[in-house]
1. So GLU176 clears everything in (1) outside any helix (DSSP H, G or I); (2) closer than 26 Å to LEU91 by Cβ; (3) within 18 Å of the chain's Cα centre (by Cα); (4) at pLDDT 85 or above except one condition, right? Which one?
2. Only residues in region 76-103 that are of a type in the set (A, V, I, L, M) count as the first member; pair them with residues that are surrounded by fewer than 13 Cβ atoms within 10 Å (Cβ to Cβ) and assigned to a helix (DSSP H, G or I), Cβ under 7 angstrom, at least 6 apart or cross-chain, and list the lot.
3. Listed residues LYS98, LYS78; which is under 19 Å from the mean Cα position of the chain (by Cα) and either assigned to a helix (DSSP H, G or I) or closer than 24 Å to ARG62 by Cβ (or both)?
4. Here are GLN42, GLN21: which of them is within 30 Å of GLU183 (Cβ to Cβ) and either in a loop (DSSP other than H, G, I, E, B) or modelled with pLDDT under 85 (or both)?
5. Report the residue count in region 45-69 for those that are hydrophobic (A, V, I, L, M, F, W, C), part of a loop (DSSP other than H, G, I, E, B) and either more than 30 Å from THR123 (Cα to Cα) or in contact with a helix residue (DSSP H, G or I) (Cβ under 8 Å, 6 or more places away or on another chain) (or both).
6. Name every residue in region 101-134 that is touching a helix residue (DSSP H, G or I) at 6+ places or on another chain (Cβ under 9 Å) and part of a loop (DSSP other than H, G, I, E, B), in order of residue number.
7. With ILE111, ILE129, ILE82 as the choices, which residue is out of contact with any Pro (no Cβ under 8 Å at 6 or more places or on another chain) and at pLDDT below 85?
Amino acid sequence: MKKTFFVFLLAALCFCKLEAQEHRPIVTNAEVIDGDTIPHLQLKEVEILSLVIPKKKSARKRLSKLVKNVKRVYPYAKLASIKLKKYEHLLLAAETKKERKEIMKQAEKEINDKYGDELKKLTFSQGKILIKLLDRETGNSSFELVQELRGKFRAFFYQTFARLWGYNLKIRYDPEGEDKQLETIVKMIERGQI
């Protein structure tokens, strides 16, 4: 019985076409050193991000609060960048100064209606972070954005009012300097790490 089974199996294997995995060779540059072939491969650059967790409990608490605040305001900065691109396109298409003003009033009303209540609930530190992230996302300080979109007088008025409350609309985002930790947190958020 066993012999018959093995003969049948052997016959079946002879008539069946067996296929192995398809082999596709990788062609790359290589160098022969002392009889060994060493391939030269171009690897993608990898950036490793990590937050330095402080040892002191109070410092860890501040870092945790910073991460929470950045996660809260970063979507608004991204949204502002998207809206700015949309309205810049509309403003370029506007033919008169009056049309530009109408477009800006419409944009301000739309944003205020949709996000005004949420933005009013931001804390002082979240507001400061938002100002810096707006610069990161748009490439312009908040002062420059207001000046460009609403005029010099309005920008001066907003800056003066902001200074009374401890903000500075002219502050720039410095990812290599004072805002390095903020940049790390933002990149980690973008990658889904935190």
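The values are calculated or read from the model by the stated rules, or taken from the named source; none is laboratory data. The structure displayed is predicted, hence computed values, not measured ones. Here the Cβ positions follow ideal geometry from the backbone for every residue, glycine too, while neighbour counts run over all protein chains shown.
1. Among (1) outside any helix (DSSP H, G or I); (2) closer than 26 Å to LEU91 by Cβ; (3) within 18 Å of the chain's Cα centre (by Cα); (4) at pLDDT 85 or above, GLU176 violates only (2).
2. Short answer, once both residue conditions are applied: none.
3. None of the other options fit; the residue is LYS78.
4. Just one listed residue meets the conditions, GLN42.
5. The number of residues fulfilling the criteria is 5.
6. Result: LEU122, THR123.
7. ILE111
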